[in-house]
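The values are calculated or read from the model by the stated rules, or taken from the named source; none is laboratory data. Everything numeric in this text was worked out from a predicted model, so none of it was measured. Note: ideal-geometry Cβ built from the backbone for every residue, glycine included; neighbour counts use all protein chains shown. Ligands, DNA and RNA are excluded from the accessible area calculation, which covers all protein heavy atoms including side chains. Shrake-Rupley method; radii C 1.70, N 1.55, O 1.52, S 1.80 Å.
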Amino acid sequence: MVEFLSGKLLIASPYLNDPNFLRSVVLIVSHDDEGAFGLSLNRPTDQRLSQVVELSMPQGSVREDDLIFEGGPVDGPLLALHDLIGIGSPIGEESSGLWLTGDEDHLRLLLSRVDARVRFVSQYSGWGPGQLDQEMRCGGWLVGAANSDIVFDDPEQVWEAAVKRCGHEVLSSLSPGLRFNDPSVN
């Protein structure tokens, strides 16, 4: 039986040799019998949203962290992954605190909401029917729980943090009650 991964993180394993996904962490937005749609979280570009919407900028303060991320190798619309409840559609369980929108007014609003955590994303990652399932069987991806701390972490640190967290989840499921201490304090 196939496990659908909507709302989960795909963490590129060392066995995944596709250069588009080397050391990638992908948030799976949608996964069903028709395929999967996700957004890579750790591929910032040099382009800023404020440059794209320059002619129609919102009034007031504008966030400084408005880099546009490359969500994958497939051309697609400009989207915003964020943590403002009710703006767009929830990803996975609403309790994850992750929301997605491509609405132009929402994008402008999020550009000015310096109190929110936001990732602006162009392009996306897509898999046809059964394609992601095959990559999973071949060991190409690890699966982890999505949470806003990893999703909005420093893009340079996201993959390593997700791998460590995934490893802790696996070990904890094998040995309930196992505690992980910081080895730097030994």
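Go through region 124-139 and count every residue that is among the small types (Gly, Ala, Ser) and either at pLDDT below 95 or over 26 Å from residue 78 (Cα atoms) (or both). Residues that pass the stated criteria total 2. So which residues in region 131-156 are surrounded by fewer than 19 Cβ atoms within 10 Å (Cβ to Cβ), more than 18 Å from residue 22 (Cα to Cα) and of a type in the set (A, V, I, L, M, F, W, C), if there are any at all? Within region 131-156, 145 is the sole residue that qualifies.
Report the residue count in region 1-52 for those that are in contact with an Asp or Glu (Cβ under 7 Å, 6 or more places away or on another chain) and either under 19 Å from residue 142 (Cβ atoms) or aliphatic (A, V, I, L, M) (or both). First the steps, then the outcome.
If we filter region 1-52 for residues that are in contact with an Asp or Glu (Cβ under 7 Å, 6 or more places away or on another chain), which is where we start, we get 2, 4, 7, 40, 43, 45, 48-50.
Filter once more, keeping what is either under 19 Å from residue 142 (Cβ atoms) or aliphatic (A, V, I, L, M) (or both): 2, 4, 7, 40, 43, 49.
The qualifying residues number 6.
Of the residues making up region 59-67, none is under 15 Å from the mean Cα position of the chain (by Cα) and closer than 21 Å to residue 144 by Cβ.
Can you name every residue in region 32-50 that is part of a strand (DSSP E or B) and either touching a Gly at 6+ places or on another chain (Cβ under 8 Å) or open to solvent by 60 Å² or more (accessible area, probe 1.4 Å) (or both)? Reasoning before the result, please.
Of the residues in region 32-50, the ones part of a strand (DSSP E or B) are 32, 35-40, 44-48.
Of everything in region 32-50, those that are part of a strand (DSSP E or B) and either touching a Gly at 6+ places or on another chain (Cβ under 8 Å) or open to solvent by 60 Å² or more (accessible area, probe 1.4 Å) (or both) turn out to be 32, 35, 36, 37, 38, 39, 40, 46, 47, 48.
Can you list residue pairs whose Cβ atoms sit under 7 Å apart, with the first residue in region 139-152 being on the phi > 0 side of the Ramachandran plot and the second being open to solvent by less than 30 Å² (accessible area, probe 1.4 Å)? Count only pairs 6 or more apart in sequence or on different chains. Pairs found: 139/13.
The condition of being free of Cβ contacts under 8 Å to residues at least 12 places away in the same chain and more than 25 Å from residue 154 (Cβ to Cβ) does not hold for residue 75.
Of 74, 62, 53, 121, all but one fail to be buried (at least 16 other Cβ atoms within 10 Å of the Cβ), at pLDDT 95 or above and β-branched (Val, Ile, Thr); the exception is 121. Residues in region 134-156 that are under 13 Å from the mean Cα position of the chain (by Cα) and in a loop (DSSP other than H, G, I, E, B): 6 in all.
Looking across region 77-118, the residues that are open to solvent by 30 Å² or more (accessible area, probe 1.4 Å), more than 25 Å from residue 4 (Cβ to Cβ) and within 16 Å of the chain's Cα centre (by Cα) come down to 78, 117. Within the set 159, 127, the sole residue that is crowded, with 17+ Cβ neighbours inside 10 Å, under 17 Å from residue 43 (Cβ atoms) and in contact (Cβ under 8 Å) with a residue 60 or more places away in the chain turns out to be 159.
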